[in-house]
Structure formats: structure tokens, C-alpha cells
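Below is one structure, written out as C-alpha cells; comments come after it.
The values are calculated or read from the model by the stated rules, or taken from the named source; none is laboratory data. This one's a predicted model, so the numbers in the text were calculated from it and none came from an experiment. Here Cβ is always computed from backbone atoms with ideal geometry, including for glycine, and neighbour counts include all displayed protein chains. Areas reflect the complete protein model, heavy atoms only, side chains present, ligands, DNA and RNA absent. Shrake-Rupley method; radii C 1.70, N 1.55, O 1.52, S 1.80 Å.
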Amino acid sequence: MQEQNFKNHSRMVPLYHYVTYLLLLTILVSTAFKCSRESCGVYCTNLLIGALTFATILVTYFARSFALKAQDRAIRAEESLRHFAMTGKLLPGELKMGQIVALRFAGDEEFLSLIQKAISESLSSKQIKE
């Protein structure tokens with residue numbers, strides 16, 4: 001498995017992140033436009049297509065957000081265990097989730113000092129990764 005670092009940690013899947021959302025948005029907008037111009041007979045069909053599209057957008061959004069939340073919990077657990085193994089203490093509660101995620105990129109030799117620096121200087125996740 002490739003080692004994670006600042007340059008390769010985020011992943012954009014163009015077909016998912018750009019094309020899917022653009023297609024769904026196009027369908028939703030064109031359906032709304034068509035509903036405003038059609039007679040009542042076709043209105044119900046257009047409304048159903050619009051509702052289906054909106055539901056698909058919601059499912060797509062929440063599928064992504066739930067996966068990211070689960071990933072954040074796993075990262076918090078990994079870093080808490082790492083901190084506990086090094087110090088015998090729990091990870092400080094002052095750390096924000098973004099900071100904890102960024103600490104994954106720190107080597108063991110700089111991990112503890114970076115935690116203290118992140119808390120005392122309120123470092124952003126980007127500053128911690130660098």
C-alpha cells in the first residue's frame with residue numbers, strides 16, 4: 001500500500017465528484033424548467049422525475065458524508081491508540097478532528113511535540129501536514 005503524505009492524501013474521482021453531480025443537477029434544473037412550461041397532464045410525471053433526481057442527489061451526498069464520518073472515527077481511534085501507546089494517556093480533548101487527521105502524517109519522533117504545538121498555536125490541518 002502506498003504511504004500517505006500531503007500530496008496524495010485526498011482523492012478526487014472525476015466521474016463521481018464532477019460528472020455525477022453535474023448530471024444530477026442538469027436533470028433537476030431541466031425537469032423544473034419543463035414542469036413550468038408543460039400542461040397539468042405531464043406535470044405529475046415531471047414532478048416525479050424531479051423528486052427522484054432530488055432523492056438521488058440526497059442519497060449521493062449522504063453516502064459520501066457518512067463514509068467520511070466513519071473514516072474520521074477510525075482515524076481518531078488509530079491516533080488515540082498511537083498516543084496511548086507512546087504516553088499511556090488519552091489523546092488531548094483540545095484537538096479538533098481536522099488536526100487529528102493531519103497528525104496521521106507525522107512521524108513517531110515528531111508526533112508528541114506536534115500535538116502540543118497544534119494545541120498551543122491552534123494550527124490548521126494544512127499547517128500540521130506541512
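Computed from Cα atoms, the angle from the helix 40-87 axis to the main principal axis of the chain rounds to 10 degrees. Taking every C-alpha pair closer than 8 Å and separated by at least 6 residues, the mean separation divided by the residue count of the chain gives a relative contact order of 20 percent. Shown for the stretch 18-130: the carbon plus sulfur share of the solvent-accessible area, taken with all protein chains present and a 1.4 angstrom probe, equals 64%. Calculated FRET efficiency, Lys117 and Phe54, Cβ-Cβ r, R0 30 Å, to nearest 0.05? Between Lys117 and Phe54 the formula returns 0.10.
For the chain, lysine pairs separated by 8 or more sequence positions, or belonging to different chains, with Cα-Cα distances below 25 Å total 16. Once the 1.4 Å probe is applied to the protein heavy atoms, the chain comes out at 73 Å² accessible per residue. The long axis of helix 108-121 is offset from the longest Cα principal axis of the chain by roughly 70 degrees.
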